[in-house]
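Novice: Quick one: the structure is below, questions incoming.
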Amino acid sequence: MLRITSAKVTAAPGASGWAQVHEFTPEDVEQKSARGQLIAVIGTDKVEEGIGTIASGREIIGRLHEEYYGPTEGKPFDLLRNSTQKVAEEFGEGRGNVEIAACVFVGGVIYSAASGGAEVLICRDGALATILASDGAVITASGYPKVGDFMLLATKAFFQKIPIDIIRTVLSGGSPEEAAETLNPLIHVEGVNGNLGAVVMKFNNEDAPPIFQEPIKPETQSEKPRILPKDSSMNLIKQKAAVLFNKFRGRIPKRSIYIKPGMRDEVTSQSKKMTFSVGVILLVILIVSIGFGIRQKGINDLKKKYQGILQIAQSEVDEAIALASVSPDRSRELFLDSEQKLKEIQNLKVTDPKVADLQKKIEESKGAILGEYEAAPTLFLDLSLLSSGFTGDTVSASGGNVYILDKQGKRVVSVAIDSKKSKVVAGPSVIDSVTDLAAYQDAVYILAADGIYQVGIGKTKVIDKTWGGDALISAFAGNMYVLDISGNAIYRYTGQAGDSFGPQQKWLSTSTTANFSGVTGWGMDGAIYVLFPNTKILKYSLGSPQSFSISGILPEIGNVDAIYADPDNVYIYLLDKAGKRVVVIDKKGSYKAQYTNDQIAEAKSLVVSEAQKEIILLTGDKLLSIEIKHL
């Protein structure tokens, strides 16, 4: 069985209105069983003179109490709704806007009602949710609370004054009393609306003692704080110093002094020395005490400055971790905010284990939430050792192998991704001229001035050139594709037996008009992704353009230098040399992850094997490898 503990938070009545909290538990067992415990927050923006405000508040509370507990029949849910409705209508006409947030706890069920702008919130396991947010009419709700749940009933002015992050933090743990101790100083300041009121409730086990804390009352003329004299602090330090000296003096062995005739001057001199010594000791103790007091005050001021920020940052990173798989965008927003708050605390030069724990949690969660990884590229293969003077320009991958083309050296080499076994596929004796490279399984193709050749020990022309100017080639599913840049067309050549290809076919649909001027690269995974300068990417599927836009990348990419898509991969990979990173997106363009390192700026192109969990970068004479961590 659950029991409620609660604490009030109310501002002093003023020109802007007043707010009061009412809590009642029937002594009669039958009435308690039937109607339960009533807790309500009532506020209005109209104040009467003198004691009229108090009387008015008592009248409204009494009327709500009477309407709920008075009828002998009816369900608690209906009675709470009806009583809230009647009181709001009856007193709203002559007393301005009347806000009511009320709840009753009966038989393990919590019933709540709100009107006039009041709200009801619940905090469960650190997650904050709004149950009721009223406007004009009465709205109601019901539910089953759990042990440790917090509920907050408050007027509209409360939520306007207190930030939601602070509310989430104070309701995420502790007790209602501790929450009230945090909230009360925030509302007892000059200029706060008098109609600001709230009650914090927590559901505990039956054996937990019920506690209801009275609100902190504003100071009145009859309750002025005792003002200490200006030098009271100094007197207090002196008193403590004297006590300390007396304790110290008791441990000093007493020295007997014998006065002889003619020796009075000597006694007087010794007495003066003792007095001087005592004065020096007292002065030292006083200085040390003052220094300690100043230091302690500085420590306390620093704690007040950062502890609130620390609590909010801890709450945000915990919520970000919980939402990572449910709401990635919200999770990233909370995580970035917590990172910013951590930087604010670190700028204060704070030494606190909790700050170190927060930093560790943020660093450990950064990859999973933001998808940001500090890459550590390792040498995959030194191509110059394979062929002297080799400098790679273009890279392609198929069948578990990586193929690299050296245009100037007229050489093609292959490297197995799993074993790093490498060999020279073709050299200058086979290749006369070359501008691009494509591979499918063990077959390697080059784009020459007069068409496409399959190369190896020798070379075989497989497709005659029918396009006018520059072009790009790619092999997919046994077919050859040519992107005719000047002709604004994509051609497909169907693979046939004997390593040959069929006649040219236009791949783009007749209704599609394309402009491939300025194309810098492309990728293929069934769909075709055409890359232009300034991060422009066009996507085509089955010959028709598709909706595609890059989103969610921070910071944004200024220019994509290379793109890699593969039917065996889940994601698409973009090379951003200026940003020194490889960015991972899904096939709709949404951000997934990014890998950063200074060496990435040296890369010319890339291929990716998600099966081997490797991103392979071509820098010219070397292949570098980055371990994939986002899968």
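The values are calculated or read from the model by the stated rules, or taken from the named source; none is laboratory data. Please read all numbers here as calculations on a predicted model, not as lab measurements. Backbone-built Cβ (ideal geometry, glycine too); neighbour counts: all protein chains shown.
Yes/no matrix, rows are residues, columns are (1) over 28 Å from ARG332 (Cα atoms); (2) at pLDDT 95 or above:
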| residue | (1), (2) |
| --- | --- |
| TYR595 | no, yes |
| ALA603 | yes, yes |
| LEU618 | yes, yes |
| LEU624 | yes, yes |
| GLU627 | no, yes |
| HIS630 | no, no |
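Novice: In region 449-562, which strands (runs of 3 or more DSSP E) lie fully inside it and hold 2 or more residues that are closer than 28 Å to VAL425 by Cβ?
Specialist: Per the criteria, 451-455, 459-464, 471-476, 479-484, 489-496, 500-506, 521-524, 528-532.
Novice: Contact list please: Cβ distance under 6 Å, first residue in region 334-347 and among the basic types (Lys, Arg), second residue part of a helix (DSSP H, G or I), pairs at least six apart or on different chains.
Specialist: LYS341/ILE309; LYS341/ALA313
Novice: How about region 433-448: which of its residues are more than 13 Å from SER396 (Cβ to Cβ) and modelled with pLDDT under 95?
Specialist: SER433
Novice: Same structure again: Can you find a residue that is closer than 28 Å to ILE485 by Cα and of a type in the set (Phe, Trp, Tyr) anywhere in region 366-387?
Specialist: No, region 366-387 contains no residue that is closer than 28 Å to ILE485 by Cα and of a type in the set (Phe, Trp, Tyr).
Novice: What helices (runs of 4 or more DSSP H), lying completely within region 308-420, carry at least 3 residues that are within 28 Å of the chain's Cα centre (by Cα)?
Specialist: Where helices (runs of 4 or more DSSP H) fall fully within region 308-420 and carry at least 3 residues being within 28 Å of the chain's Cα centre (by Cα), they are 328-347, 353-370.
Novice: Something else now. Which of the residues that make up region 26-45 are in contact (Cβ under 8 Å) with a residue 60 or more places away in the chain, touching a helix residue (DSSP H, G or I) at 6+ places or on another chain (Cβ under 9 Å) and not acidic (Asp, Glu)?
Specialist: ALA34, ARG35, GLY36, LEU38, ALA40, VAL41, ILE42, GLY43, THR44
Novice: State the number of residues belonging to region 455-493 that are among the hydroxyl-bearing types (Ser, Thr, Tyr) and loosely packed, with under 14 Cβ neighbours inside 10 Å.
Specialist: The number of residues fulfilling the criteria is 3.
Novice: List the strands (runs of 3 or more DSSP E) inside region 98-145, counting only whole elements, that have at least 2 residues being free of Cβ contacts under 8 Å to residues at least 24 places away in the same chain and either out of contact with any Gly (no Cβ under 9 Å at 6 or more places or on another chain) or crowded, with 16+ Cβ neighbours inside 10 Å (or both).
Specialist: By residue number, 127-133.
Novice: Suppose we filter region 383-398 for residues that are under 11 Å from VAL415 (Cα atoms) and surrounded by fewer than 19 Cβ atoms within 10 Å (Cβ to Cβ); how many remain?
Specialist: 1
Novice: Run down VAL462, VAL415 and say which single residue is over 24 Å from ALA565 (Cα atoms) and of a type in the set (Val, Ile, Thr). Break it down into steps so the answer makes sense when it comes.
Specialist: Working: VAL415 fails: over 24 Å from ALA565 (Cα atoms).
VAL462 is the lone residue from the list that is over 24 Å from ALA565 (Cα atoms) and of a type in the set (Val, Ile, Thr).
Novice: Considering only residues that are of a type in the set (A, V, I, L, M, F, W, C) and assigned to a helix (DSSP H, G or I), look in region 163-175 and name the one that is farthest from THR5 (Cα to Cα).
Specialist: Across region 163-175, the extreme among qualifying residues is ILE164.
Novice: If only one of LYS360, LYS341 is in contact with a helix residue (DSSP H, G or I) (Cβ under 8 Å, 6 or more places away or on another chain) and modelled with pLDDT of 85 or more, which one is it?
Specialist: Of LYS360, LYS341, the one residue that is in contact with a helix residue (DSSP H, G or I) (Cβ under 8 Å, 6 or more places away or on another chain) and modelled with pLDDT of 85 or more is LYS341.
Novice: Let me ask something additional. Of everything in region 424-448, what is in a strand (DSSP E or B) and either touching a residue at least 40 places away in the same chain (Cβ under 8 Å) or closer than 18 Å to PHE476 by Cα (or both)? Give them in sequence order.
Specialist: ASP436, LEU437, ALA438, ALA439, TYR440, ALA443, VAL444, TYR445, ILE446, LEU447
Novice: What is the number of the single condition among (1) touching a helix residue (DSSP H, G or I) at 6+ places or on another chain (Cβ under 8 Å); (2) modelled with pLDDT of 90 or more; (3) outside any helix (DSSP H, G or I) that GLU178 does not meet?
Specialist: Condition (3) is where GLU178 drops out.
Novice: Also, I was wondering about something else. Criterion first (touching a Phe, Trp or Tyr at 6+ places or on another chain (Cβ under 6 Å) and under 28 Å from LEU336 (Cα atoms)) does GLY552 satisfy it?
Specialist: Against the criterion (touching a Phe, Trp or Tyr at 6+ places or on another chain (Cβ under 6 Å) and under 28 Å from LEU336 (Cα atoms)), GLY552 qualifies.
Novice: What about VAL425, is it assigned by TED's automatic domain parsing to the domain that holds GLY620, more than 47 Å from the chain's Cα centre (by Cα) and of a type in the set (A, V, I, L, M)?
Specialist: Against the criterion (assigned by TED's automatic domain parsing to the domain that holds GLY620, more than 47 Å from the chain's Cα centre (by Cα) and of a type in the set (A, V, I, L, M)), VAL425 qualifies.
Novice: Name the residues in region 409-422 that are free of Cβ contacts under 8 Å to residues at least 24 places away in the same chain and under 18 Å from SER398 (Cα atoms), would you?
Specialist: Listed by number, the residues that qualify are ALA416, SER419, LYS421.
Novice: Here is a follow-up. What are the residues in region 550-593 that are crowded, with 16+ Cβ neighbours inside 10 Å and acidic (Asp, Glu), if any?
Specialist: Of everything in region 550-593, those that are crowded, with 16+ Cβ neighbours inside 10 Å and acidic (Asp, Glu) turn out to be ASP561, ASP566, ASP576.
Novice: Further question on the same structure: Looking only at region 170-188, which residues are farther than 12 Å from PHE150 by Cβ and acidic (Asp, Glu)?
Specialist: Hits for region 170-188 are GLU177, GLU181.
Novice: While we're here: From ALA611, ALA593, ALA578, ALA562, which residue is assigned by TED's automatic domain parsing to the domain that holds PHE532 and touching a Leu at 6+ places or on another chain (Cβ under 6 Å)?
Specialist: Values: ALA611 fails: touching a Leu at 6+ places or on another chain (Cβ under 6 Å); ALA593 fails: touching a Leu at 6+ places or on another chain (Cβ under 6 Å); ALA578 fails: touching a Leu at 6+ places or on another chain (Cβ under 6 Å).
Just a single option satisfies the conditions, and that option is ALA562.
Novice: Here's something else I'd like to know. What number of residues within region 54-87 are among the hydrophobic types (A, V, I, L, M, F, W, C) and touching a strand residue (DSSP E or B) at 6+ places or on another chain (Cβ under 7 Å)?
Specialist: If we filter region 54-87 for residues that are among the hydrophobic types (A, V, I, L, M, F, W, C), which is where we start, we get 54-55, 60-61, 64, 77, 79-80, 87.
When the remaining residues are screened for being touching a strand residue (DSSP E or B) at 6+ places or on another chain (Cβ under 7 Å), the result is 60-61, 64, 77, 80, 87.
Selection size over region 54-87: 6.
Novice: Right, another one. Among the residues of region 582-601, write down those that are touching a residue at least 24 places away in the same chain (Cβ under 8 Å) and not β-branched (Val, Ile, Thr).
Specialist: If the condition is that a residue be touching a residue at least 24 places away in the same chain (Cβ under 8 Å) and not β-branched (Val, Ile, Thr), then LYS587, LYS588, GLY589, SER590, TYR591, LYS592, ALA593, GLN594, TYR595, ASN597, GLN599, ALA601 are the ones that fit.
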